[in-house]
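Structure, as structure tokens:
Nothing in this text is a laboratory measurement; each read-out follows from the coordinates by a stated rule. What you see is a predicted model, and the numbers here were worked out from it, not measured in a lab. Reconstructed Cβ throughout: ideal geometry from the backbone, glycine too, with neighbour counts over all protein chains shown.
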Amino acid sequence: MAIEPASVDWSSARRASYLVRQTFRYEYPEPIRDLSHRLVVIPPERFGDQRRLWHDFSVALDGARVENSSDRFGNVIVDVFAPRVAAAIEFVAEVSVERRPAEPNRLADGWLADGYLLEASPLTQADDRILRAADDLSAVAEWGLPLADRINDWVYQSMTYRYEVTGVRTTAAAAL
């Protein structure tokens, strides 16, 4: 049941629970082989004052194999393997989280100041084309969700996966 946020007296709320359902669907113009896909969409059991109560992950493809592990932050890493995908594969991640104002919002010391959160990785390092695109996009879209939507559209239209050419170690610049 959806609640209109403006109708809630947040100062008297004892807890807030969220159910997040994300669907990821990948469609291919022709059958593909040996799919190996990694998703990091399930948060850690606890992050600050947020607690993960429940989670589920499903794949709509017969013969797909799913393996779970955790990263150093406690996020659940879901690896999906499939020998063949005829036309499309769909993943559904569901997570129930809860927050309570009475609980302290504590993060590990130094977490927010850790440079890896603010710096490009070797895979995401921008080249001149990406820097120009960032300038162009930020000039025509309002900061926040409108800009994020424009960036997502640009990435979708500009970057292409090619079998045995690009993969999880391909830089953003090389994918252009």
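So the values come out like this:
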{"item": "Over region 1-103, equivalent-ellipsoid semi-axes from the Cα gyration tensor in Å", "result": "34, 16, 8"}
{"item": "Mean Cα-pair separation over length for the chain, i.e. relative contact order, pairs under 8 Å, 6 or more apart, %", "result": "25"}
{"item": "Inter-part distance where region 116-154 and region 67-99 are each reduced to a Cα centre, Å", "result": "25"}
{"item": "Computed over the chain, the ratio Rg/Rh where both radii use C-alpha atoms and Rh is Kirkwood", "result": "1.00"}
{"item": "Angle between the chain longest axis and helix 128-140 axis [Cα atoms, degrees, rounded to 10]", "result": "50"}
{"item": "Contour minus Cα-Cα distance for R46 and T23 (0.36 nm per residue)", "result": "6.0 nm"}
{"item": "Ranked by how many other beta carbons lie within 10 Å on average, peptides 25-33, 84-92 from highest", "result": "84-92, 25-33"}
{"item": "Angle in degrees between helix 145-158 and the longest Cα principal axis of the chain, rounded to the nearest 10", "result": "20"}
{"item": "Computed helical MRE - 222 nm, the chain, DSSP H runs ≥ 4 contributing -39500 (n - 2.57), nearest 500", "result": "-5000 deg cm²/dmol"}
{"item": "Mean Cβ count within 10 Å, highest first, over the residues of peptides 7-19, 139-151, 46-58", "result": "46-58, 139-151, 7-19"}
{"item": "Measure of compaction for region 116-176 (Cα Rg per 2.2 N^0.38 Å)", "result": "1.19"}
{"item": "Potential lengthening between V155 and R99 on full extension [0.36 nm per residue; Cα-Cα distance subtracted]", "result": "16.9 nm"}
